[in-house]
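Visitor: Before anything else, here's the structure in question.
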Amino acid sequence: MTGPGGTTTQPDPPSADLAALARGGRINFFGFILRLLARLPFLFIAGRMYGPEALGRFAYAVLIVEFAAQLATLGLKRGLAQQLSSSPPEQHANVVWDALVVAAIGAALTMAILIVFPEAMFPNSAITGLEWLLPVTVIALAWSDVMLAALAYRHDVGATVRARAIVEPWTISIAALVLAYYSKRDGLIIAYVLSMVGAVAASVVPFLKSYGLPRGWSPHPAVLWRLARRNLPVAAADAVEWGSRRVDIAILGLFASPAVVGIYYVAQNVASLPAKLKTSFDPILGPVISRNVAAGNDSAVARQVRQVGFWVIAAQAAVALALGIPGEAVMGLVGPEFVAGTAALGFLLAAEVVAATAAVSESALIYRAKKRNMAISLAMIALQAALTVVMIFLMEDIRTSKLWYMIGIGPLGTSEMWQATGPAVALMLALGFAAIFKARLLSRLLGHPVSGWRLTLIWASAAALVVGQFVILLPEWLELLAGIPAILATFGLVIWTKGFGPEDRELFRMRKTEIADLSLPDPSVGGDAPR
């Protein structure tokens, strides 16, 4: 059969690696559905019971806390797989505990900064309540990420589903509902702290069962420093990828009120749901790719990136269309005042589809070209920051253009919400830049095409758009209950019948008995790639 880019693939039975990717994707896709079911109630509760201003204040504070946790892990979320693959199995527990010590040191430093300078979390509001609780979550976030990464190396993706898709989102949703009757100011903060504590508890239990306590181990400062230094390029890439989804809020918060930030935060959270589909493959894609990189099997790496890339793009495009076409109904579900963020939602959803190629390519680049990948990521976020500022002012100029007065319309909308669309456009353009350059770099390194884009995606999108034109004529409640499934079904039908081959359908092939041994990468091929 002919694959993307004109390459020819053989209709052989699915390999163990492909089956592992499909199995991990299936399990974590169910986690995505669970997270979706929990995320929407939280947004509804936060929007209806707390309002956009309190939600905007909370969003900015959480942005800073999660950035601190991202720095504290020093790239170990993804770099740990390579570290484990270069160590004998009997040393794996010690390696992971070294990583936990590194994360604890990083967390202690960032927590101290936030405790001393809480204004970093709340730059535009007074600090009078329980805001001091938030820095405590840095260590919980960092340790949870490292432990789940260690479990993913052993293909235990169920732990990630339980911690991130069940315990964390449902805890914050339920706690936010209850605490709304206690304090509209501190309720969201306390709920977030409780959810992080629950997530780390849900990570510790399976981690100790799998790895246990270290034996004959003591922290070695020199080893820990080398571990941290080796992961700096990965840490930078992780921080940039995370920051690319947050710098827009950070800059918008400098130009707009907390209420506008709150509306944009809701749009961003809805738009981030398709991005979670890519992370469905992260826990299993990293170990599979790191093993093939270590073995020098470039064609296998390209094939896996291409395959997962198509899966992710197709899934993200389907969800983006299903949420974007009835966007007003989706945003209105959170509250009437949030409908103003519909335009921003549309651009943010498009940005996630554009980002898929770069995100999947990076799964291999962090092993083959850490520094060049980091350079592209840094260039991307610098471009995004510059474009965000430019687009905020440009959107205001468009809103107040004399053209509208000449044709008798007057200014378009409110100033702040038009400005809020600018960061979403900037994100889409910057992610497009990263997607092109990262895919080209990886293709050149591997000597094989890596793009997951296929012509069928256009036909499926066109069919979904046609159905969507009928969906938006329905009452809002029917748009949500019937329209979203109809758009998803239309897209899925075209992709399934016209775009999926035997390897693609492996993702949906549930077996009574999964492959018996999708165990650890062979330590004999460990170490960094020879290139």
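Readers should treat all values here as calculations from the given coordinates under stated rules, not as data from a laboratory. Everything numeric here is computed off the predicted structure, so don't read it as measured data. Cβ atoms come from the backbone with ideal geometry, glycine included; neighbour counts cover every protein chain shown.
Visitor: Using a ≥ b ≥ c from the Cα gyration tensor of region 68-194 (square roots of the eigenvalues), is it rounded, prolate or oblate, where a/c under 1.5 gives rounded and otherwise the larger of a/b and b/c decides, a/b for prolate?
Guide: oblate
Visitor: Between Ala201 and Val136, with labels modelled 7 Å along Cα→Cβ, what's the label distance in nm to one decimal, could you check?
Guide: 1.3 nm
Visitor: Another question, then. For region 41-81, what does the alpha-carbon gyration tensor say about shape, rounded, prolate or oblate, given a ≥ b ≥ c as the root eigenvalues, a/c under 1.5 as rounded, and a/b over b/c as prolate?
Guide: oblate
Visitor: How far apart, in nm, are two points set 7 Å out from the Cα along the Cα-to-Cβ line at Ile105 and at Arg48?
Guide: Taking the two extended label points, one gets 4.9 nm.
Visitor: Now a separate question. Please get the size of the charge dipole for region 307-402, origin at its Cα centre, with Cβ charges of +1 on Lys and Arg and -1 on Asp and Glu, quoted in debye to the nearest 20.
Guide: That gives a dipole near 520 debye.
Visitor: Compare the peptides 85-97, 463-475 by average per-residue count of other Cβ atoms within 10 angstrom and give them in order, highest first.
Guide: 85-97, 463-475
Visitor: Which value in nm describes the separation of the simple spin-label points at Ser218 and Ser257, placed 7 Å from the Cα toward the beta carbon?
Guide: 6.1 nm
Visitor: Is region 149-191 best put as rounded, prolate or oblate by its Cα gyration tensor, with a ≥ b ≥ c the root eigenvalues, rounded for a/c under 1.5, and otherwise prolate when a/b is larger than b/c, oblate when not?
Guide: prolate
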